1. Would you mind ranking R80, R92, R131 so that the residue whose beta carbon has the fewest other beta carbons within 10 Å leads the list?
2. Arranged by the count of other C-beta atoms within 10 angstrom, fewest first, what order do M91, M30, M1 take?
3. Please go through segment 1-48 and write out the trypsin sites (Lys or Arg not before Pro) that DSSP classes as loop and that have at most 15 other C-beta atoms within 10 Å.
4. Please give the peptides 31-37, 6-12 ranked by average Cβ packing (other Cβ atoms within 10 Å per residue), highest first, as a rough proxy for protection.
5. Mind checking which lysines have their Cα closer than 27 Å to the Cα of K56? Skip sequence neighbours fewer than 8 apart in that chain.
Amino acid sequence: MKIAKNTVVTLTYRLTDAQGEFIEQTDEPMVYLHGGYDGIFPRIEEALEGHEEGYKSDLHLEPEDAFGAYDADQVRVEPRSKFPEPIEIGMRFEGVPEDPEEDTEILTVTDLTDDTVVLDANHPLAGVALRFAVEVLDVRAASDEEIAHEHAHGGGHDHDHDDHDHDHDHGSDDPSSLH
């Protein structure tokens, strides 16, 4: 079966930056609903369209095709007193503690002084050109339920659809969940 709209694609990938430095790879195969449902980057979907099980490719994505350009306006400095101790570079927060009026965003601590914390709301891979080495393991027709829910269902699929809200968070920073 060829990859087309409303097919479920199972693949593995290995992600590196443009210089070949390793970033991550799949531990378990990734499964997504193909056809513009935001299950994977559109540029990868476009490259996979029309191919079959066994297809392999090395795909280059510019930042605008992946996690976007780096935006210096997404960096800010906050008083260290707003944060729990111990605090370390690399820690991530959902919004600024003790600031309930802030929009919820994931902030990464990028620098510290005795009195301040530097936070960055950019995705860690923003501004980075990426290379995806992908291999298609399986292609199948999507079920009517998967099409209605706008994502693939699998053995680990377990969430409630009664609210008809299809903006589900499907996990981590892998390409199947960031769009």
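Each value in this text was obtained by applying a stated rule to the coordinates, not by laboratory testing. This is a predicted model, so every value here is computed, not measured. For neighbour counting, all protein chains shown are included, and Cβ atoms are generated from backbone atoms with ideal geometry for every residue, glycine included.
1. Details: R80 14, R92 11, R131 18.
Going from sparsest to densest Cβ surroundings: R92, R80, R131.
2. M1, M91, M30
3. Working: sites: K2, K5, R14, R43; in loops: K2, K5.
Answer by residue number: K2, K5.
4. On the way: 31-37: 19.6, 6-12: 21.3.
Highest to lowest by the protection proxy: 6-12, 31-37.
5. Answer for K56, where 27 Å is the Cα cut-off: K2, K5, listed by chain and number.
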